[in-house]
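Single-structure report; data block below.
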Amino acid sequence: MTLVLAAAAVALLPIGLYAWREHKTSTPSLQWPVLAQILGLAYEAEPPRMSGAWNGRRVAIETAAPGATMTAWLGAATRVRAECGPKELVARRAGIVLPDPVAPADAAFRDRLLARCSEKAAGPTIFDAAMQRRLAALPHVDFVGADTRVVWSLPAVKDPDAVEAALGALCAVADALESFPQGGAPSRA
């Protein structure tokens, strides 16, 4: 009988370890303190949140239903509203506020994503071919940039490499939006 119980315990050990690992990586209060250190951000426990500077830009990652949001703040307000995400989601939430979609220059981007911009002339600048390739390479893209920030919705924040790639793209979008200051002509920077 003892031998059977020992064999059962040995057989169930990998399942238990897998279940614990999945629980740990799916629970922000357990995963994010380590992730914050890797990313060089500060972790706050209540509610789980990471914040700080990423490539010189103020950013925050917070829990939000159904997963998390990443926010990058702009140095000054922009007059442009830009968004990008899965085709069906962007088309559904756009309504009549935004003009036609940005013309896709990348096939992978065109197949999966849709970008819209409130100023038709700003679209090709914000979503140039390089940015479209960068966004198409990411597993999940869903952001809206307007006024003084860009907010990116994510289903989960687990993998440091995926978070770094998304933060890099988020900050690049914020940089592009700053080229269209509120109440002014595009900057030449």
### Summary
The extension gain from residue 121 to residue 45, computed as 0.36 nm times the residue separation minus the Cα-Cα distance, is 23.1 nm
#### Entry: Phi to ³J(HN,Hα) by Karplus 6.51 cos²θ - 1.76 cosθ + 1.60 over segment 85-90, Hz, x for Gly, Pro
x, x, 3, 5, 5, 5
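Laboratory data are not the source of any read-out in this text; all were calculated from the coordinates shown. Everything numeric here is computed off the predicted structure, so don't read it as measured data.
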